[in-house]
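Read through the structure below, which is laid out as structure tokens, and then see the notes.
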Amino acid sequence: MELTIYLAGQIHDDWRNEIRKKAEKDKLSIHFVGPQENHALSDDIGEKILGEQPNKVYRDDAASSVNNFRTRVLLQKSDAVLAYFGESYKQWNTAMDAGAAIQAGKPLILVRPESLVHPLKELSNQADVTVETLDQALEVLTYLYE
């Protein structure tokens, strides 16, 4: 069985590669998808496709339309969603993606540290599984193969 897992969460560090490497090491048949991890491309994609925009607001709006399209397609094609809330960045996109997964009926693993228990309590109660670490999330996925 091969699964497609959408990795929702910030793109500013290497957490996705950590998950990919561990899944590969454990010989799990998982194809990971997610948002554009090249931050510059993610910010520039609207202008790359539509041309130069008149100001930063329009530039961000153009990029977000293309990025939202990507997210919607890949999230809909996934078997499940892993939403990672870290300590370092604002997590609005992660919350939006987790909510979209719930609304679409996609199984959701929510990863959040203890410091975010209170602010994410409602979202956590809607997730199928809530864990505190990426290793725990990978254990949940590994359990599918046992």
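The values are calculated or read from the model by the stated rules, or taken from the named source; none is laboratory data. The model shown is predicted, which means the values in this text are computed figures rather than measured ones. Ideal geometry is used to build each Cβ from the backbone, glycine not excepted, and the neighbour counts take in all protein chains shown.
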(request) Have a look at Ile49, Ile45 and point out the one that is more than 21 Å from Phe32 (Cα to Cα) and either buried (at least 19 other Cβ atoms within 10 Å of the Cβ) or modelled with pLDDT under 95 (or both). (result) Ile45
(request) Might you check whether a residue that is in a strand (DSSP E or B) and more than 24 Å from Lys48 (Cα to Cα) occurs anywhere in the stretch 97-109? (result) yes
(message) Looking at the stretch 61-76, can you tell me whether even one residue there is within 15 Å of Ile11 (Cα to Cα) and basic (Lys, Arg)?
(response) yes
(message) Quick check on the stretch 110-128: of everything there that is more than 15 Å from the chain's Cα centre (by Cα) and not in a helix (DSSP H, G or I), which residue is nearest to Lys27 (Cα to Cα)?
(response) Asp128
(request) State yes or no: is Thr71 part of a helix (DSSP H, G or I) and surrounded by 13 or more Cβ atoms within 10 Å (Cβ to Cβ)? (result) yes
(request) Answer yes or no: is there a residue in the stretch 76-85 that is charged (D, E, K, R), out of contact with any Asp or Glu (no Cβ under 7 Å at 6 or more places or on another chain) and over 17 Å from His31 (Cβ atoms). (result) no
(request) Report yes if Val117 is closer than 30 Å to Tyr143 by Cβ, surrounded by fewer than 19 Cβ atoms within 10 Å (Cβ to Cβ) and either touching a strand residue (DSSP E or B) at 6+ places or on another chain (Cβ under 7 Å) or without any contact (Cβ under 8 Å) to a residue 40 or more places away in the chain (or both), otherwise no. (result) yes
(request) Return the pairs, sorted by first residue and then second, in which the second residue is surrounded by 12 or more Cβ atoms within 10 Å (Cβ to Cβ) and not in a helix (DSSP H, G or I), the first residue lies in the stretch 37-58 and is free of Cβ contacts under 8 Å to residues at least 24 places away in the same chain, the beta carbons are less than 8 Å apart, and the residues are 6+ apart or on different chains. (result) Ile45/Gln36; Gly46/Gln53; Glu47/Gln53
